[in-house]
Amino acid sequence: MIEHVSDTARWVAYYRAMETDRPDAIFRDPYARRLAGAEGKAIVDRLPDGRRMAWAMIVRTAVFDELILDRIQHRGATTVLNLACGLDSRPWRLPLPSDLHWIDVDLPGILGYKTAALKAETAGELILIGGAGIANAFMRLDLIDEYRLLVSPVLFGVGTPLFQGGQSRARLTLAEATRLDTGAMLLTYTRGGP
């Protein structure tokens, strides 16, 4: 059933898929079924009253859609910080202005899963800013086309390795090296190379 907190994101995505299937749906989410996967349906099917509980999440989704769109369209919001975003597909399904900044924050595994599922739907660049944990999740899913590494002139002696074991070797080519005023180096690598 539910083994990890991220499983709840598949569960809620399946509720959005159920609503999308209704002829009188209060919203449409063309990505929900793909995001929920068979696991999301299985969770709903195994829960006592799983389908009957859907209404609360469906109404919640519609209300948040309205609140977010109101803040953007009528109150000047220019950035959405979506904490514990799970498999929320609003950046893909809502009519948002092209200059809006939408930032999804969640566990690396769920963000990697969502990015892999929706990568083809993303127009333009998708920028990942984060530490080694999220970078490793995206590397395992082969989602990174360009690496920009900031090398600072400070030694800590501890930390999380960027490239952790169990991953296949990534061949990279140094595309650019820029020395910053702070003494740090910004190294840009692209995929491919020797």
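The values are calculated or read from the model by the stated rules, or taken from the named source; none is laboratory data. Model, not experiment: these values are computed from the prediction. So basically every Cβ, Gly included, is an ideal-geometry build from the backbone, and we count neighbours across all protein chains shown. Areas reflect the complete protein model, heavy atoms only, side chains present, ligands, DNA and RNA absent. Shrake-Rupley method; radii C 1.70, N 1.55, O 1.52, S 1.80 Å.
Figures for the structure shown
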{"read-out": "Size of charge dipole - the chain - debye, nearest 20, with Cβ of Lys, Arg +1 and Asp, Glu -1, no other charges", "value": "320 debye"}
{"read-out": "Accessible heavy-atom area order of 89, 98, 152, 6, highest first, probe of 1.4 Å", "value": "98, 152, 6, 89"}
{"read-out": "Antiparallel content of DSSP bridges confined to the chain, in %, to 5", "value": "70 percent"}
{"read-out": "Residue 34 versus residue 142: modelled label distance in nm, points set 7 Å from Cα along the beta carbon direction", "value": "1.8 nm"}
{"read-out": "Accessible-area composition of the chain, carbon plus sulfur, in percent [1.4 Å probe]", "value": "57 percent"}
{"read-out": "Residue 2 accessible area, 1.4 Å probe, all protein chains in place, Å² to nearest 10", "value": "70 Å²"}
{"read-out": "Rounded accessible area of residue 186 (nearest 10 Å², 1.4 Å probe)", "value": "60 Å²"}
{"read-out": "Sorted peptide list for 65-77, 22-34, criterion being average Cβ within 10 angstrom, highest first", "value": "22-34, 65-77"}
{"read-out": "The stretch 1-116 - accessible surface per residue (Å², probe 1.4 Å)", "value": "57 Å²"}
{"read-out": "Residue 79 accessible area, assembled protein chains, probe 1.4 Å, Å²", "value": "70 Å²"}
{"read-out": "Nonlocal amide H pairs with residue 144, under 5 Å, H built at 1.01 Å", "value": "none"}
{"read-out": "Derived scalar couplings ³J(HN,Hα) [the stretch 51-66; Karplus, 6.51 cos²θ - 1.76 cosθ + 1.60; whole Hz; x for Gly, Pro]", "value": "6, 5, 7, 4, 3, 5, 6, 5, 5, 4, 4, 5, 5, 5, 4, 4"}
